[in-house]
Amino acid sequence: MRREDRQLLWMVIAACWLVMAAWAVIRFHPRWLWPPPGIRPQVIGRFVTVQGYALPLALRREGGAPLCPAGVTVRGEDLPVIEQAAARLADLAPVGAAVYVELDPFCSCDLEGASAASIWIPPPGMAQADPFPYPDSRLLAAVLVQEGLARVDERQPYLYKNELRMLEDDARRHGRGLWAAK
């Protein structure tokens, strides 16, 4: 066999090997290369310090920017409960406390200039260490809905909307907050 033929044969073998390797990578989706389809990438959040509050239901963080709990809302007819909700918000996340915030790009907030976020309340006395969330942490929106101090915002897409709907149904059946007997 001539030298040129051997080189051509090796080039064909190398090309076949590369095509088979590319097929295997595409076919078997190695996790180190890219996540499998259908799995939501981990949302990265950060701790922020509560600097104050803004009505109806918003926290002020460093720099004064307001954060609304994503997935919940209060309406004009909920006026008697808004004061209770604001007081409960101050109990859950007092000024100076650190809360874990994951901004939600798909939700919006009724308050001008506010960002919607999943706001997690760490357990008392827990240091700010990664990874988060801790097993005993609570979602601020879930606490407010469960106590009947806020409604699920049906207009907004939200990751925890089904859980919030169940908590709202429980609050309605037990007559808590907004659904208390007048």
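Please work out if residue 125 is at pLDDT below 85, out of contact with any helix residue (DSSP H, G or I) (no Cβ under 6 Å at 6 or more places or on another chain) and under 21 Å from residue 64 (Cα atoms). Criteria not met by residue 125.
Number of residues in segment 57-106 that are in a loop (DSSP other than H, G, I, E, B) and more than 23 Å from residue 122 (Cβ to Cβ) equals 4.
If you check 55, 103, 67, 92 for being at pLDDT 80 or above, assigned by TED's automatic domain parsing to the domain that holds residue 154 and in contact with a helix residue (DSSP H, G or I) (Cβ under 9 Å, 6 or more places away or on another chain), only one passes: 92.
Figure legend. Inter-residue proximity from segment 72-99: first residues touching a residue at least 12 places away in the same chain (Cβ under 8 Å), second residues acidic (Asp, Glu), beta-carbon distance below 6 Å, spacing 6+ or different chains. Indicated pairs: 72/153; 73/153. Residues of segment 2-51 that are assigned to a loop (DSSP other than H, G, I, E, B), at negative phi and at pLDDT 60 or above: 2, 44, 45, 50, 51.
The values are calculated or read from the model by the stated rules, or taken from the named source; none is laboratory data. Just so it is clear, the structure is predicted and the values come from calculations on it, not from any experiment. Neighbour counts are summed over all protein chains in view; Cβ atoms, including those assigned to glycine, are modelled from backbone coordinates with ideal geometry.
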